[in-house]
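Colleague: First, the structure itself, so that you have it in front of you.
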Amino acid sequence: MTMPALTLPGKTPNAARPRRLHRPLDERLLYGACVLVPVVALVLFFLLPLGTIVWRSVVEEEGGVGLANYLALFRTPGILRAVGNSLLVGGATTVVCLLLGFMVAYAVQRTRIPGKRFVAAALSLPLLAPSLVLGLGLIFLLGRNGLVSNLIGTRLNIYGFPGLLIANVLYALPQAVLIIQAALRQSDARYYDAAEVMGATRFQQFFGITLPNVKFGLLSAGFVVFTVTITDFGNAVTIGGDFSVLATEIYNQVTGQMKFGIGAAVGILLLLPTGIAVYIERVAAQRQFGTASESALPPVPDYVPMRDIPLFLATMTLALSIVAVVGTVVFASFVRLWPYRLDLTLKHYSITLSGGYDPLWTSLAVSAGAAAIGTALLFALVLGLRRMPPGVAKAVYLLAVLPVGVPGLVLGLSYIFAFNLAGTPLHMLYGTVLLLALCNFYHYHTQGFLTMVTGMRAVPPALEEAASCLGGGVLRVLGDVVVPVMVPTLLSVFFFLFMRSMVTLSAIIFLVTPSTNLAAVTVMRLDEAGFVSQAAAFSTCIMAAVAAAALAMRGALSLATRRKAA
């Protein structure tokens, strides 16, 4: 899920710091602690685990150090095929998502088609559920015993590349649309006015102004989609079938064959393309959004039937397809035997397998913990960075954005190596709700950090200085100036971390234990065991919890905005 207030920074957070040079010792100690605690936590729960997976990838079975694990990849059946399959499905998903994403973003941003709110609501559905829900919905619709197969009397085979491609497109499309839509908003209507005065046709304006203006947005969206696709585990394990990819291969090597060294080497293999993709995406995003002019006039769309009617039909078809896939999962959870007996029942909600509803309560506790800990640490870090010397601030800033380049599956595996070592102090965290919460937090650390940086820039330095000069201590300034301005950002970061923790699967798949099983993992276990209706029921419960959190966030933001205006 993309953060509501996420914008990419053009400079480090200390750029807008207050200019007071001589501060009391207690104030300096406070701001120093604000930076030190989150940085130590970053080292312990991000850098250390990442270092252990690199180390384990070069530790051989006999105990020596070398490249045997990497050389074994070439002799391990299926690894090279998984690499090829990952690149194939990632590339195909990227191309399809860019085409569809540009079409939807353009229709919503530059035309006067009706139903834009419905399109936006439909696009938000994949963000409310674990990715495997989309695979589950496609199986209900297009599987061998799916609704369509039952209607036409032919058993369709959705498993493998076609199913994985469709599921990944539905999963990644909302993120592509949001990025391209943001790029389209940066356009200046004055360019179009000038082109029209010079006699340029609409096609010439489209190819001469619109496409060049969003080229970096398209590049950014492409690499986001590629990264999301190549590291996703939920769809691959649900609908991938025999079409193995790197995400499922690393899971099989570790949990199926207990080959931790090879699993670590595959993790490093997965880390390289995503790291490169994230770097290019960041550069493209800075080029796109860093050159935007504040005085730009947004284009006002006019009604062009030859353009708007086809775009309306295509966009609505896509939105209805997403609603159909997610809605089918919800509906199937209430029918007796999908798709043969469609009478309504609640029996699938009587779940006794895999711990019943205990994993859902555990997920709520983990998500609340990740949100609370994450919001507090990120607020302290960004607050303290404003008072740090530029060199220190830049170094910490670089460290804080690094987690975005690490796939959840790799981060989860690295936690196994770092925290499942008996006899070490960190071992006491293994198998606890706290470690799961920390893993989820550091998986989404970068998005929360950048949002917090953006929110902190809204705090007026002059008002801070004035409050301080009037005798207010640091706590008074925080309570009267900083926190009131930051309330919407704090709420956004809290609910973002909560909702992403509820639906993530890849980061915690290696860390769950019988006593700390989580909701998304339970859906996968139920589906693997053939209890697909119960899996649909559990998925519906997760979506209901996340939707309730989204509504609570909107209500809290609305309340905070009204109080600020008053």
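Colleague: Longest span of the chain, sites excluded, free of chymotrypsin sites (Phe, Trp or Tyr not before Pro) in DSSP loop with at most 13 other C-beta atoms within 10 Å? If you can, show how the numbers build up before the last one.
Modeller: On the way: sites that count: TYR303, TYR340.
Here the longest segment lacking exposed loop sites spans 1-302.
Colleague: Separation of segment 230-270 and segment 353-419 by C-alpha centroid, Å?
Modeller: If you average the Cα positions of each part, the centres end up 23 Å apart.
Colleague: When the helices in the chain are scored as -39500 (n - 2.57) per DSSP H run of 4 or longer and the sum is shared across all residues, what 222 nm value do you end up with, to the nearest 500 deg cm²/dmol?
Modeller: -21500 deg cm²/dmol
Colleague: Additional query: For a quick check of understanding: with a 1.4 angstrom probe and all protein chains in place, what accessible area in square angstrom does HIS348 have, to the nearest ten?
Modeller: Counting only protein heavy atoms, HIS348 exposes about 10 Å² to solvent.
Colleague: Using a 10 angstrom Cβ neighbour count of at most 16 plus a DSSP loop assignment to flag exposed GluC sites (Glu not before Pro), which longest range of the chain is free of such sites?
Modeller: Counting only loop sites that pass the neighbour cut-off, the longest clear stretch is 295-566.
Colleague: I've got another one for you. Determine the share of segment 358-431's accessible area contributed by carbon and sulfur atoms, expressed in whole percent, with a 1.4 angstrom probe. Please report the intermediate quantities before stating the final value.
Modeller: On the way: 1930 of 2540 Å².
Of all accessible area on segment 358-431, carbon and sulfur atoms account for 76 percent.
Colleague: Kindly state, to the nearest 0.05, the FRET efficiency for GLN257 paired with PHE203, given R0 = 60 Å and r defined as their beta-carbon distance.
Modeller: Efficiency for this residue pair is about 0.60.
Colleague: Another one. Which entry is the computed volume of the Cα convex hull per residue in Å³ for this structure: [x] 210; [y] 232; [z] 179?
Modeller: After the calculation, the listed value that fits is [z].
Colleague: Put +1 on the Cβ of each Lys and Arg and -1 on the Cβ of each Asp and Glu in segment 436-566; which of SER468, ALA519, THR454 then has its Cα farthest toward the positive end of the dipole?
Modeller: Going by the charge dipole, the pick is SER468.
Colleague: What is the gain in length, in nm to one decimal, between TYR303 and ARG117 on full extension, counting 0.36 nm per residue of separation less the C-alpha to C-alpha distance?
Modeller: Contour length minus Cα-Cα distance gives 65.2 nm.
Colleague: Using a Förster distance of 56 Å, how high is the FRET efficiency between ALA462 and GLU196, based on the Cβ-Cβ distance and rounded to 0.05?
Modeller: Taking R0 as 56 Å, the efficiency between ALA462 and GLU196 is 0.85.
Colleague: If you bin every alpha carbon distance in segment 461-542 into 10 Å steps from zero, what whole percent lands in each bin?
Modeller: Per 10 Å bin, starting at 0, the Cα pair percentages come out as 15, 28, 17, 14, 15, 9, 2.
Colleague: Okay, moving on. How charged is the neighbourhood of SER533? Take every other residue with its Cβ under 9 Å from the Cβ of SER533, and add Lys/Arg as +1 and Asp/Glu as -1.
Modeller: +2
Colleague: Here is a further query. Can you list residues from other chains, or at least 5 along the same chain, whose modelled amide H is less than 5 Å from the amide H of THR345?
Modeller: Result for THR345 returns VAL335, ARG336.
Colleague: Mind checking the full-extension length gain between GLU60 and LEU342? Use 0.36 nm per residue of separation minus the Cα-Cα distance, one decimal, nm.
Modeller: Working it through step by step, the gained length comes to 96.0 nm.
Colleague: Would you list THR561, THR111, THR362 from the most to the least accessible area, probe 1.4 Å?
Modeller: The residues order as THR561, THR362, THR111, largest area first.
Colleague: Let me ask something else. Mind grabbing the accessible area of ASP26 for me, 1.4 Å probe, Å², rounded to tens?
Modeller: 100 Å²
Colleague: Give me the net charge for the shell around TYR303: Cβ to Cβ below 14 angstrom, other residues only, Lys and Arg +1, Asp and Glu -1.
Modeller: My count for the surroundings of TYR303 gives +3.
Colleague: Given a 1.4 Å probe, how much area per residue of the chain is accessible, in Å²?
Modeller: Accessible area per residue, the chain: 43 Å².
Colleague: Round to a whole number: what % of the accessible area of segment 126-193 belongs to carbon and sulfur, probe 1.4 Å?
Modeller: The nonpolar share, carbon plus sulfur, comes to 59 percent.
The values are calculated or read from the model by the stated rules, or taken from the named source; none is laboratory data. Worth saying up front: this structure is predicted, and the values here are computed from it rather than measured. Quick reminder, even Gly has a Cβ in these numbers, built from the backbone with ideal geometry, and neighbours come from all protein chains shown. Each accessible area value is taken on the protein alone, full model and side chains, heavy atoms only, with ligands, DNA and RNA left out. Shrake-Rupley method; radii C 1.70, N 1.55, O 1.52, S 1.80 Å.
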